[in-house]
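Student: Would you mind keeping the following structure in view while I ask a few things?
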DNA sequence: GGCAGGTATCTACCCGGAGTAACTTTTGCC
DNA sequence: GGCAAAAGTTACTCCGGGTAGATACCTGCC
């Protein structure tokens, strides 16, 4: 039927949204109107599928969050929008987010966990380095900080998605506080 | 042979260290000198095993890190020791750490990712709440911050374990900087 | 000491999902 | 119309988690 890579990936996203992140490759193939071998020819094995979906998800999230951040007044507000945006988008694409962050076929566990982060860290690092340089601080921390930030965002997202108790804005504000001012405490206002 | 829960878990830890985190339940049972059904009777299914191992690992790490932190001069130094300790201990028990953070049998993916964090967050939150109260700040952020901190630690650990480029102390210092002072920048000295 | 009953353990299986080989259909070309 | 190549499907294998039923062992009783 429709065998091109893009259509396959789109179908995969659709069915993951519907069936949840535990969906099987057979089901994904079926959802695309083809059978497994076609899926394999089109996108590769499960790890490749997860990776491809991660790329698309990252692209979309980056896009939207970038737009949000661009409208910020000041760096702290930018961070606040980034955190809020991340939470909101992860929640919107919940199943997909989970599929991509925990879906892999257990080849390399580390790789799996860092999939999303790897595709995002470079961009983060760039922003961080620029900001640090601008304020006369050492920019060499950028990459490590990127992974730290992404880890914090990821865990908070999972926790918040699971427990569903706290409201988005509250959590976003709290995490922004942590990431902006650190445990040491605020410098000026809230 | 030796069928009590503790012996099973100890054997599991041993074989995981030797064979790496991809080890199978059959292999674990064999390592304990028993067969799978005994393993099941003793500790339950794979999720239960992972959970039990997580508990032991958390207990050990908490223990050692607590000792390290106790010797700190001042809160920032305490955080620095916590970060360094976390990295060092995760590296020492690398395979086990990976087994526990990514091992589960794909039941609930969220649960899996947060396993370690869940068993640690409460303790963290207590410390954070106390510290915040002491400095006259709002302690209600404690739980969210705990997950944020643990996420940051986890991702940085994975990244650092995988790439193995940066030296422990450098990374620990950088992450301490992020967590203590935030993106906003340092208040006083480095 | 030998035997019944119960318990502990192992063997041998099922099940489901990833991944693939080999057969079949369709399509385009002469 | 016949034939070759491409595209697709069926029907497997393989592997790991999980379990049912057979088996060996151990205990208490006569």
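Read-outs: derived from the displayed coordinates by stated rules, not from any lab. As the structure is a computational prediction, the values presented were derived from the model and not from experiment. Here Cβ is always computed from backbone atoms with ideal geometry, including for glycine, and neighbour counts include all displayed protein chains.
Student: Take the Cα of residue A:62, step 7 Å along the line toward its Cβ, and report every residue of segment A:68-103 whose backbone nitrogen sits under 16 Å from that point.
Tutor: In segment A:68-103, the label zone of residue A:62 (backbone N under 16 Å from the point 7 Å along Cα→Cβ) covers A:68-70, A:86.
Student: Work out the mean other chain Cβ neighbour count within 10 Å for the residues of B:117-126 and drop it here as an integer.
Tutor: Details: counts 3, 2, 0, 0, 2, 0, 0, 0, 0, 0.
Counting other chains' Cβ atoms within 10 Å and averaging over B:117-126 gives 1.
Student: Now, a different point. Say R0 is 41 Å: what FRET efficiency, to the nearest 0.05, do residue A:27 and residue B:140 get from their beta-carbon distance?
Tutor: Values: r = 43 Å, r/R0 = 1.04.
It comes out at approximately 0.45.
Student: What is the average number of partner chain Cβ atoms found within 10 Å of a Cβ in A:169-178? If you can, show how the numbers build up before the last one.
Tutor: On the way: counts 0, 3, 5, 1, 2, 8, 6, 2, 7, 13.
Other-chain Cβ atoms within 10 Å of each residue's Cβ, averaged: 5.
Student: Continuing with the same structure: Take the Cα pairs of segment A:29-90, get the Kirkwood Rh, then feed it into Stokes-Einstein at 37 °C and 0.692 mPa s and tell me D in µm²/s.
Tutor: The estimated diffusion coefficient comes to 240 µm²/s.
Student: Using only Cα atoms, what is the ratio of the radius of gyration of segment A:123-187 to 2.2 N^0.38 Å? If you can, show how the numbers build up before the last one.
Tutor: Numbers: Rg = 13.6 Å, N = 65, 2.2 N^0.38 = 10.7 Å.
Compactness ratio reported: 1.26.
Student: Which value, in Å to one decimal place, does the Kirkwood hydrodynamic radius take for chain B when every pair of different Cα atoms is included?
Tutor: Details: mean 1/r = 0.0559 Å⁻¹.
Its Kirkwood hydrodynamic radius stands at 17.9 Å.
Student: Order these peptides, A:163-171, B:32-40, B:174-182, B:111-119, by their mean beta-carbon neighbour count within 10 angstrom, highest first.
Tutor: Output ranking for A:163-171, B:32-40, B:174-182, B:111-119: B:174-182, B:111-119, B:32-40, A:163-171.
Student: Taking N as the number of residues in segment A:79-190, what is its Cα Rg relative to 2.2 N^0.38 Å? Working shown, then result.
Tutor: Details: Rg = 15.0 Å, N = 112, 2.2 N^0.38 = 13.2 Å.
It is 1.14.
Student: Something else about it: When the Kirkwood radius is taken over all Cα pairs of segment B:32-139, what Stokes-Einstein diffusion coefficient follows at 10 °C and 1.306 mPa s, in µm²/s?
Tutor: Numbers: Rh = 15.7 Å.
Estimated via Stokes-Einstein, D reaches 101 µm²/s.
Student: Given the DSSP H assignment, sum -39500 (n - 2.57) over each helix run of at least 4 residues in chain B and divide by its residue total; what's the result at 222 nm in deg cm²/dmol, nearest 500?
Tutor: -25000 deg cm²/dmol
Student: So what's the convex hull volume per residue for the Cα atoms of the protein assembly as shown, in Å³? Spell out each step's value before the answer.
Tutor: Details: hull volume 55.2 nm³, N = 380.
Looking at the protein assembly as shown, the number lands at 145 Å³ per residue.
Student: If each label sits 7 angstrom from Cα along the C-beta direction, how far apart, in nm, is residue A:167 from its counterparts in the other copies?
Tutor: 4.9
Student: Kindly give the distances from residue A:18 to its copy-mates, label point to label point, with each label point 7 Å from Cα along Cα→Cβ, as nm values to one decimal ordered shortest first.
Tutor: 4.8
Student: Once you keep just the Cα pairs under 8 angstrom separated by 6 or more residues, what percentage relative contact order results for segment B:58-190? Could you put the intermediate results ahead of the total?
Tutor: Working: 93 pairs, mean separation 34.0, N = 133.
Taking the mean separation of contacting Cα pairs over the length of segment B:58-190, I get 26 percent.
Student: Can you list the copy-to-copy distances for residue A:7, using a point 7 angstrom from Cα toward Cβ, in nanometres, shortest first?
Tutor: 6.1
Student: Please work out the Cα center distance from segment A:124-190 to segment A:6-41, rounded to the nearest Å.
Tutor: A separation of 35 Å, based on Cα centres.
Student: Averaged over peptide A:153-164, how many Cβ atoms belonging to another chain are found within 10 Å of each residue's Cβ?
Tutor: Working: counts 4, 7, 15, 10, 3, 9, 13, 2, 1, 6, 4, 0.
Rounded to a whole number, the mean comes out at 6.
Student: Enter the mean projected area of the convex hull around the alpha-carbon atoms of segment A:71-131, in nm², rounded to one decimal.
Tutor: Values: hull surface 19.8 nm².
Value for segment A:71-131: 5.0 nm².
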